[in-house]
Amino acid sequence: MQASGTSRGVLRTKETYFLKVVDVDNIGYGECAVFKGLSVDDRPDYEEKLEWLCQNINRNLVELLQGLIEFPSIQFGLEQAFLSVKSENPYQLFPSKFTESKDSIKINGLIWMGTEAFMRQQIREKLDVGFSTLKLKIGAIDFKSEISLLKSIRKEFSSEEIEIRVDANGGFLPSEALEKLKRLSELNLHSIEQPIKQGQIAEMAELCSSTPLPIALDEELIGVFNVTDKQKILQIIKPQYIILKPSLVGGFKGSTEWIQLALAQHIGWWITSALESNIGLNAIAQWTYTLNNNMPQGLGTGSLFTNNFESPLEVKGENLHYNNKIKWNVKL
């Protein structure tokens, strides 16, 4: 994959596992997209759990998902594979106007960390092709340079023309976070993801109660399996948004639980991918379309891979399309 910078370092490769389920003449595919260093199921016994799943694949889905509760990426791969094997087309899990090539999903343009020059180059490329929502990874270069970078966008484009989201990936210290959020808020940004590291519940709650800039929880949701615990986190922190990566929070089932709890507390949400191949991204995109959330989603990461599966997924301008004229090419 293309080198992609985050506050946790530069990503150059992405390992993933695929499930292939056969039922008579039907074949189903699912992607277990474990994210090294981030997924809660990045554990030494991961492959052992995959073996367990293969040996018990004939059990019912509910029972299997419960047995995989601490392995959200495997849960997600299993959900995909079961939907795929039961479908007339193994790649159409949620038939809709999206899969019929009659509608598309608006997405944000993702700007990876790097030198100021590299980030400026990415920004110009995204704006040139028509993106109206940018998401910038921040925390890699010094804060003054990042502010300068954001100011340069705002000099050229108002908040009505270009929506800017920033993602700190937990890069701020609690002691400095509020002051930095005040500086960022002066630039009319949409929101900031995970300003401080996950697990600092009291500090995050304090930030969310006093922030001048809407805060979206991301990593904070990882590793929270119980519905009661999910509800408790949202009630204590009271974020303005949550961001859901199905591979990291337990697939469709885990994500749906978070959405329902967020809606009950009037918390906004959107969906993003987590560097899945086109198999996993396809599942996330089709499901996301059915949710009828008009906010720009974070589903543009498939283009980062240099060896991805050929698929109907296409990014045109700021929209993700499903082009039925392009055929899948999957050899597993």
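Values quoted throughout were computed directly from the atomic coordinates according to the rules given, and no laboratory measurement underlies them. As the structure is a computational prediction, the values presented were derived from the model and not from experiment. Glycine also receives a Cβ, built like all others from the backbone with ideal geometry; neighbour counts cover every protein chain displayed.
General observations
- Over the chain, relative contact order from alpha-carbon pairs under 8 Å, at least 6 apart, %: 21 percent
- Bridge type composition, the chain - antiparallel percent by DSSP, nearest 5: 45 percent
- Residues SER148 and SER185, FRET efficiency given R0 of 22 Å [Cβ-Cβ distance, rounded to 0.05]: 0.85
- Set of lysines near LYS155 by C-alpha distance (under 25 Å), chain-local residues within fewer than 8 positions excluded: LYS106, LYS126, LYS135, LYS137, LYS144, LYS180, LYS182
- Estimated inter-spin distance, GLU51 and GLU88, nm [label 7 Å along Cα→Cβ]: 4.1 nm
- The protection proxy used here, the mean number of other Cβ atoms lying within 10 Å of each residue, ranks peptides 212-223, 83-94 as follows, highest first: 212-223, 83-94.
- For peptides 192-199, 56-63, sequence by mean Cβ density within 10 Å, most packed first: 192-199, 56-63
- R0 of 41 Å, Cβ-Cβ distance ARG120-GLU63: FRET efficiency to nearest 0.05: 0.20
- Taking 0.36 nm per residue of separation and subtracting the current Cα-Cα distance, fully stretching the chain between ASP42 and LYS325 would add 98.2 nm.
- Estimated dipole of the chain in Debye, rounded to 20 [Cβ of Lys and Arg +1, of Asp and Glu -1, Cα centre]: 600 debye
- Extension gain, GLN235-PHE157: 0.36 nm per intervening residue step, less the Cα-Cα distance, totals 24.5 nm.
- Rel. contact order, % - alpha carbon contacts under 8 angstrom, at least six apart, the range 156-218: 40 percent
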